[in-house]
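A.B. asks: Have a look at this one.
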């Protein structure tokens with residue numbers, strides 16, 4: 001190492017495999033980071049500068065930061081909470097766990113669950129998160145609290161608040177207003193953005209969808225659970241539609257920037273509309289398996305992306321689950337490379353005013369996996385190393401906009417002992433409220 005790494009905003013990170021899954025592959029490569037941007041890419045001996053600190057990754061994979069396209073950071077304190085009733089069906093799971101949980105969230109538990117969840121994501125090389133928040137008794141101002149937490153962590157985030165009829169008409173209107181105001185405030189921000197959050201068709205009345213259709217600006221994209229369980233499809237058919245995509249589209253809520261999450265239970269017309277509209281479909285294999293809702297028909301869905309749906313911050317593990325819960329070794333690697341590398345940067349740029357990826361002038365969002373390959377690495381087998389070598393995606397180093405936020409198992413700038421103590425106190429109070437609800 002030349003100079004003291006961490007003292008300068010400019011540095012070279014290298015002597016590892018530099019790859020972006022989209023054509024860039026340098027076996028012994030390096031990146032020069034200057035003023036938060038990628039300034040130079042090439043062989044490490046060429047990029048290394050005598051007057052710039054050099055960080056040697058010792059053969060690890062140097063990749064663009066990962067993007068989690070569907071998360072629930074508010075659920076970070078959920079482990080260990082016992083449902084209040086049966087969980088045999090998907091509606092049971094919602095009513096006896098998640099809907100009870102989101103009713104007991106207060107500002108303290110929201111702040112610390114989002115902060116700890118964001119830090120957890122960074123530890124897995126995730127540099128951007130699309131989060132779908134829910135707190136039925138804390139709607140107005142909730143996205144500002146979540147935004148404060150993700151900014152404290154340093155991660156990029158696109159936030160929305162789940163809109164639902166569960167708490168009545170006035171609460172629904174507050175949720176609509178919260179989505180609109182947050183989106184408007186962050187339309188030109190490279191770190192924070194907004195979308196219009198919707199729970200699912202089965203919790204949204206005709207009157208509510210009409211109201212949202214009138215209030216939502218056409219250029220504001222929705223982020224919605226769509227066809228996650230058979231009950232969602234059945235509800236839409238009872239309302240006179242052919243399926244959940246058909247119902248949302250009938251109210252003019254869908255376009256190419258819409259995020260449709262899950263898409264497991266769809267009708268023939270739904271599939272046809274997906275082909276016409278080409279929205280962003282986000283699959284969450286681990287949560288689908290956990291909730292026993294079935295598997296999406298991947299071959300009938302437009303190019304799709306990957307989320308964790310609150311299960312974890314580990315996107316590499318989610319990709320491995322996508323493979324193993326799908327066709328296994330028969331799953332097209334090109335599809336998974338698209339999900340992890342080729343599509344994410346394009347979609348991210350539509351929602352945040354930032355250009356990422358490994359190209360000069362782009363924001364330096366970097367993930368170095370904590371895995372040193374022993375067998376040869378090539379562009380052709382890069383994904384195999386990630387899936388079967390790295391396995392879980394624990395990162396060795398994560399940077400957002402050039403700032404090192406996670407390195408060698410530590411978060412520089414955070415007193416984690418103090419933070420964990422405060423988070424544990426907030427989580428304990430939330431658990432007590434859950435039990436007493």
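Bear in mind these aren't lab numbers, they're just calculated from the coordinates by the rules spelled out. Every value quoted in this text rests on a predicted model; they were computed, and no experiment measured them. Neighbour counts run over all protein chains shown; Cβ positions are idealised from the backbone, glycine included.
A.B. asks: In Å³ and rounded to a whole number, note down the convex hull volume per residue for the Cα atoms of segment 298-437. It would help to have the intermediate numbers written out before the result.
C.D. replies: On the way: hull volume 25.6 nm³, N = 140.
Each residue corresponds to 183 Å³ of Cα convex hull volume.
A.B. asks: On a 0 to 90 degree scale, rounded to 10, what angle separates helix 107-122 from the longest Cα axis of the chain?
C.D. replies: Tilt relative to the chain: about 40 degrees.
A.B. asks: Over all pairs of distinct alpha carbons, what does the Kirkwood formula give as the hydrodynamic radius of segment 110-179, in Å?
C.D. replies: Numbers: mean 1/r = 0.0804 Å⁻¹.
So the Kirkwood estimate lands at 12.4 Å.
A.B. asks: With a 10 Å Cβ neighbour count serving as the proxy for reagent exposure, in which order, fewest first, do 11, 343, 333 appear? Kindly include the intermediate steps, with their values, before the conclusion.
C.D. replies: On the way: 11 25, 343 19, 333 15.
Least to most surrounded, the residues fall as 333, 343, 11.
A.B. asks: Taking Cα centroids, how far is segment 241-283 from segment 144-162 in Å?
C.D. replies: 27 Å
A.B. asks: First measure r as the distance between the Cβ atoms of residue 237 and residue 429, then evaluate 1/(1 + (r/R0)^6) with R0 = 45 Å and state the FRET efficiency to the nearest 0.05.
C.D. replies: Details: r = 42 Å, r/R0 = 0.93.
According to the calculation, E is roughly 0.60.
A.B. asks: Would you calculate a helix-derived [θ] at 222 nm for the chain, using -39,500 (n - 2.57) for each DSSP H run of n ≥ 4 and dividing by the full residue count, to the nearest 500?
C.D. replies: Rounded to the nearest 500, it is -10000 deg cm²/dmol.
A.B. asks: Hey, any idea what the orientation-averaged projected area of the convex hull of segment 57-144's Cα atoms comes to, in nm²? Present the calculation step by step, with values, prior to reporting the outcome.
C.D. replies: Details: hull surface 30.7 nm².
So the Cα hull casts an average projection of 7.7 nm².
A.B. asks: Beta carbons within 10 angstrom, averaged per residue: use that to sort the peptides 164-175, 65-76, highest first.
C.D. replies: On the way: 164-175: 17.2, 65-76: 26.2.
Order by mean packing, descending: 65-76, 164-175.
A.B. asks: Turning to a different aspect of this structure: Just how many % of Cα pairs in the chain lie over 32 Å apart, if you round to the nearest whole percent? Intermediate results must be reported in sequence, preceding the final value.
C.D. replies: Details: 34028 of 95266 pairs.
It works out to 36 percent of all Cα pairs.
A.B. asks: Pairing the Cα long axis of helix 416-436 with the longest principal axis of the chain, what angle in degrees results, from 0 to 90 and rounded to the nearest 10?
C.D. replies: The two axes meet at around 10 degrees.
A.B. asks: How high is the relative contact order of the chain? Use alpha-carbon pairs under 8 Å, at least six apart in sequence, and give a whole percent.
C.D. replies: On the way: 949 pairs, mean separation 87.9, N = 437.
Once normalised by length, the contact order is 20 percent.
A.B. asks: Which of rounded, prolate, oblate describes segment 268-321, given a ≥ b ≥ c as roots of the alpha-carbon gyration tensor eigenvalues and a/c under 1.5 marking rounded, otherwise prolate only if a/b is larger than b/c?
C.D. replies: In terms of gyration-tensor shape, prolate.
A.B. asks: Quote the FRET efficiency, to the nearest 0.05, computed for residue 334 versus residue 96 with a Förster distance R0 of 30 Å and r equal to the Cβ-Cβ distance.
C.D. replies: Working: r = 41 Å, r/R0 = 1.36.
Plugging the Cβ-Cβ distance into 1/(1 + (r/R0)^6) gives 0.15.
A.B. asks: Compute the Cα gyration tensor for segment 4-54, then decide on rounded, prolate or oblate, letting a ≥ b ≥ c be the square roots of its eigenvalues: rounded whenever a/c is under 1.5, prolate when a/b is larger than b/c in the other cases, and oblate in all that remain.
C.D. replies: Judged from the Cα gyration tensor, segment 4-54 comes out prolate (a/c at least 1.5, a/b above b/c).
A.B. asks: Between residue 422 and residue 27, what FRET efficiency follows from the Cβ-Cβ distance if R0 is 45 Å, with the result rounded to 0.05?
C.D. replies: Numbers: r = 44 Å, r/R0 = 0.98.
Computed FRET efficiency for residue 422 and residue 27 comes out at 0.55.
A.B. asks: Additional query: If one takes the longest principal axis of the Cα atoms in the chain, at what angle in degrees, from 0 to 90 and to the nearest 10, does the Cα axis of helix 268-277 lie?
C.D. replies: Its long axis makes an angle of about 50 degrees.
A.B. asks: For the chain, what is the percent of antiparallel DSSP beta bridges, rounded to the nearest 5? Walk me through the numbers on the way to the answer.
C.D. replies: Values: 26 of 58 bridges.
In the chain, DSSP labels about 45 percent of beta bridges as antiparallel.
A.B. asks: Taking a cut-off of 13 Å, what percent of all Cα-Cα pairs in segment 167-232 are separated by more than that?
C.D. replies: On the way: 1413 of 2145 pairs.
For segment 167-232, the share of Cα pairs beyond 13 Å comes to 66 percent.
A.B. asks: Taking a label point 7 Å from the Cα of residue 359 along the Cα→Cβ vector, which residues of segment 374-401 have an amide N closer than 18 Å to it?
C.D. replies: Answer for segment 374-401: 401.
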